[in-house]
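The values are calculated or read from the model by the stated rules, or taken from the named source; none is laboratory data. These figures come from a predicted structure and were not determined experimentally. No Cβ is skipped: glycine too gets one built from the backbone with ideal geometry, and neighbour counts run over all protein chains shown. Areas reflect the complete protein model, heavy atoms only, side chains present, ligands, DNA and RNA absent. Shrake-Rupley method; radii C 1.70, N 1.55, O 1.52, S 1.80 Å.
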Amino acid sequence: DSLMTVRGRLGVATGNMLFFATGGLAAGQISMSSSASTSEESVAAWSGTAADSNDGSPASAVTDSETSTVSNDTEWSGKKSKTAYGYALGGGFSHAVTDNLIWTTDGYYYDLGRHSMKAGSTDSSYTISQRFDGYVIRTGAEYRF
């Protein structure tokens with residue numbers, strides 16, 4: 001949901017260019033949610049012919065049939081939100097176009113770690129896990145007064 005970094009820069013200046021590496025602390029608000037459902041239905045059907053109780057021969061006029069249905073619906077859901085901390089590493093360059101106008105381009109990789117959450121119902125549960133990382137590339141102009 002949000003990302004903040006506090007980074008330092010260490011670089012080398014040549015002429016009107018500055019090449020730098022950057023790194024530091026990253027923090028962000030992470031959110032996870034999950035839901036799932038399952039529906040199960042069992043159908044049992046049978047039919048048969050009754051036998052004559054005296055001699056075991058089939059009774060021609062007696063038949064019976066029945067169907068039984070059992071349904072089981074289950075739903076799971078879970079939600080987690082928290083502030084996570086990690087690191088950011090990258091690099092970039094700055095070019096002094098004039099004495100007052102500086103063009104800067106930088107990029108960094110951030111990693112807030114792997115986080116897990118459990119989603120469940122009264123009968124069962126499952127765990128999901130997700131890594132929160134990514135890349136940021138920025139470019140812009142700076143003006144010196």
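Taking all protein chains as they are arranged and a probe of 1.4 Å, the heavy atoms of Asp1 leave approximately 150 Å² accessible to solvent.
Sorted by average packing, counted as other Cβ atoms within 10 angstrom per residue and highest first, what order do 110-120, 126-136 take?
By packing density, highest mean first, the sequence is 110-120, 126-136.
Net length available on complete extension from Thr105 to Asn16 is 30.6 nm, with 0.36 nm assigned per residue and the Cα-Cα distance removed. With a Förster radius of 30 Å applied to the C-beta separation of Tyr135 and Thr98, the computed FRET efficiency comes to 0.50. Approximating the spin labels as points 7 Å out from Cα along Cα→Cβ, the Tyr126-to-Gln29 distance works out to 2.8 nm.
Sorted by mean Cβ packing within 10 Å, highest first, what order do the peptides 29-40, 76-87 take?
76-87, 29-40
Whole-Hz Karplus values for region 91-100 come out as x, x, 8, 10, 10, 7, 6, 9, 5, 10 Hz, taken residue by residue from phi with 6.51 cos²θ - 1.76 cosθ + 1.60 and θ = phi - 60°; glycine and proline positions read x. A simple spin-label model places pseudo-atoms 7 Å from Cα toward Cβ; at Leu89 and Val6 they are separated by 2.1 nm.
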